[in-house]
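These notes concern the structure reproduced below.
The values are calculated or read from the model by the stated rules, or taken from the named source; none is laboratory data. The model shown is predicted, which means the values in this text are computed figures rather than measured ones. All Cβ positions, glycine included, derive from the backbone under ideal geometry; neighbour counts span all protein chains shown.
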């Protein structure tokens, strides 16, 4: 009984100390690191979107990398299948501890590589979707407005689109187009990118 009481007291003291340590030491560090990561992530995302809008405005709509993406994606999916099939097969065949550890390590590396490849593919697909959505939405809205605006206004809208350098420029252009549509009692289709 005395040993159980002693272990319980040690566990309680250890729990209190670890709670205190986490609350006053690790939690502020994690909070700070999280805020820093969010800050730099938002800067990165803003810079990425501004670059994307600038490239779309310049007409840099090269979709050849989608073909590469499809080829790469099929290789990755095939690779994942082969890795798991042969990895599990090798794991079952080998009974030595050293070989099992090597096989497990090899499988972990391949799975990590496959996951990173899948994340890259998702990013590239999202990037392509944004590019396509931005340009098609602008062209669709401009086509709807064209009969109701002068040639000069049409050219100004096209020029503003071509001069776009950031997401902010696109939003201003979109607002201008929406004002023109309201003046002419037109309803532009919903832009799913910015509902």
Problem - region 175-189: number of residues that are closer than 19 Å to residue 164 by Cα and without any contact (Cβ under 8 Å) to a residue 24 or more places away in the chain - result: 4
Exercise for the section: Check whether at least one residue in region 28-36 is more than 27 Å from the chain's Cα centre (by Cα) and in a helix (DSSP H, G or I), and report yes or no. Expected result: yes
Handout entry: Residue check for residue 189: at pLDDT 80 or above, loosely packed, with under 11 Cβ neighbours inside 10 Å and either under 30 Å from the mean Cα position of the chain (by Cα) or within 13 Å of residue 57 (Cα to Cα) (or both)
Key = yes
Exercise for the section: Within region 135-149, identify whether any single residue is closer than 24 Å to residue 186 by Cβ, modelled with pLDDT of 70 or more and not in a helix (DSSP H, G or I), and answer yes or no. Expected result: yes
Problem - Candidates 50, 60 - the one that is at pLDDT 75 or above, under 30 Å from residue 125 (Cα atoms) and touching a helix residue (DSSP H, G or I) at 6+ places or on another chain (Cβ under 9 Å) - result: 50
Handout entry: Residue in region 150-170 that is surrounded by 13 or more Cβ atoms within 10 Å (Cβ to Cβ), without any contact (Cβ under 8 Å) to a residue 12 or more places away in the chain and more than 19 Å from residue 190 (Cα to Cα) present
Key = yes
